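The values are calculated or read from the model by the stated rules, or taken from the named source; none is laboratory data. Please read these numbers as outputs of a predicted model, since none were measured by experiment. All Cβ positions, glycine included, derive from the backbone under ideal geometry; neighbour counts span all protein chains shown. For the accessible areas, the whole protein counts, side chains as well, though only heavy atoms, and no ligand, DNA or RNA atoms are used. Shrake-Rupley method; radii C 1.70, N 1.55, O 1.52, S 1.80 Å.
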Amino acid sequence: TLPFVIAFIIALLTKPLNLYLQRKFKISNGISSLISTSLVFSILGFILTMLILKIAIESKNILANPPDLNVFLKYIETHINTIKVFYDQIDPAIAQKIFQQASSILSNMFNVGLSLINNLVYFAIGLPLALMVAFITFIATYFLSKDMPVIENKFLSIFSDTGKEKTK
């Protein structure tokens, strides 16, 4: 039902554009609905494409120019040596707790990486479904937009003449 709810909302939002196209260019409701629906989905597709393109470019730049690990390793080594001096002076029971906490943090970092990979796989699996929902939404938007005057008349037919004027 989600594609139809989205289609109905888009059809309501494009109604003024449909009326404008019908009046300005003297075209039928079906053609103006097709143009407005295509325009809305083209704009949404363009925005989505630009977003994906930006993410792909940034990902490529990160992979093509990875940070210099030698500088990073020297930085970590300096801090590890500093920490080791203090670590040797700490009570062994406290040192054991620190070791357990560090192990827990590394385990959590590994789990986050694993979760990220799983989410990427789920995204790749769900992409065809998302495209199908987008296609159904496009078709439903066109038909709802095209038939909006009929839907509106059917809805208003349950009211009296004064009720119709109040609901408009």
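Roll a 1.4 Å probe over the protein chains and send me the accessible area per residue for the chain in Å². Display every interim value, and only then the final one.
Details: 13570 Å² over 168 residues.
For the chain, the per-residue accessible area is 81 Å².
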So if we plug the beta-carbon distance of I80 and K60 into 1/(1 + (r/R0)^6) with R0 = 35 Å, what FRET efficiency do we get, rounded to 0.05?
0.60
Working from Cα positions, state the angle (0 to 90°, nearest 10) between the long axis of helix 92-146 and the longest principal axis of the chain.
20 degrees
For a test of understanding, tell me how many lysine pairs in the chain have Cα atoms under 30 Å apart, given they are 8 or more places apart or on different chains.
28
Would you compute, for the Cα atoms of the chain, the largest minus smallest coordinate along each principal axis and list the three values in descending order, in whole Å?
89, 38, 27
Considering only protein heavy atoms, what is the solvent-accessible area of L63 at a probe of 1.4 Å, reported in Å² to the nearest 10?
140 Å²
Carbon and sulfur atoms account, in whole percent of the 1.4 Å probe accessible area of the range 15-168, for 72 percent
Roughly how tilted is helix 69-89, in degrees to the nearest 10 and between 0 and 90, from the longest Cα axis of the chain?
50 degrees
How high is the FRET efficiency between F25 and D68 when r is their beta carbon distance and R₀ equals 41 Å, given to the nearest 0.05?
0.10
Per its Cα gyration tensor (rounded if a/c is under 1.5, else prolate when a/b beats b/c, else oblate), the range 66-133 is best filed as oblate
Counting alpha carbon pairs within less than 8 Å and at least 6 residues apart, what relative contact order, in whole percent, applies to the chain?
55 percent
The range 104-154: D in µm²/s via Stokes-Einstein (Kirkwood Rh, Cα pairs, 10 °C, 1.306 mPa s)?
111 µm²/s
Cα-based helix-to-principal-axis angle, 29-64 vs the chain, degrees rounded to 10
10 degrees
Computed FRET value (nearest 0.05) for I125 with L12, which takes r as the C-beta separation and R₀ as 35 Å:
0.60
So what does Y87 come to for accessible area, using a 1.4 Å probe and Å² rounded to 10?
90 Å²
